[in-house]
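Readers should treat all values here as calculations from the given coordinates under stated rules, not as data from a laboratory. Everything numeric in this text was worked out from a predicted model, so none of it was measured. Please note: Cβ atoms are built from the backbone with ideal geometry, for glycine as well, and neighbour counts cover all protein chains shown.
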Amino acid sequence: MEGAAVGVHFDSAHLFLDLSDGQAVSFPLDWFPVLQAATAAEREHFAISTDRQQLFWPEIDEDVNVPALLSFQSERAGRHCASREEAFPDWPPG
């Protein structure tokens with residue numbers, strides 16, 4: 001899976017990465033302890049790098065590498081998951 005980040009949004013348990021191809025890819029928010037502990041206002045104040053490969057939250061000093069997330073998402077999508085726990089393994093993968 002490849003794509004350029006165009007946005008990010010959250011629900012109570014997930015980070016949703018919005019991509020330039022129209023997809024939104026979700027990740028468990030507990031993979032990102034700093035973002036999980038942040039307020040909604042802090043999460044909403046982010047920047048996207050000019051190459052659209054990095055996300056930054058300056059107020060909480062957090063950054064996320066988009067290609068790294070998407071490469072893990074591709075691995076996860078390629079295998080059969082029998083349960084919710086398997087669908088969202090511990091991050092980072094061991």
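The table that follows gives values for the structure above.
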quantity: Cβ-defined net charge surrounding Glu44, 14 Å radius [Lys, Arg +1; Asp, Glu -1]; calculated: -4
quantity: Cut-off 14 Å (backbone N to label point 7 Å along Cα→Cβ of Val6), residues of segment 28-66; calculated: 52
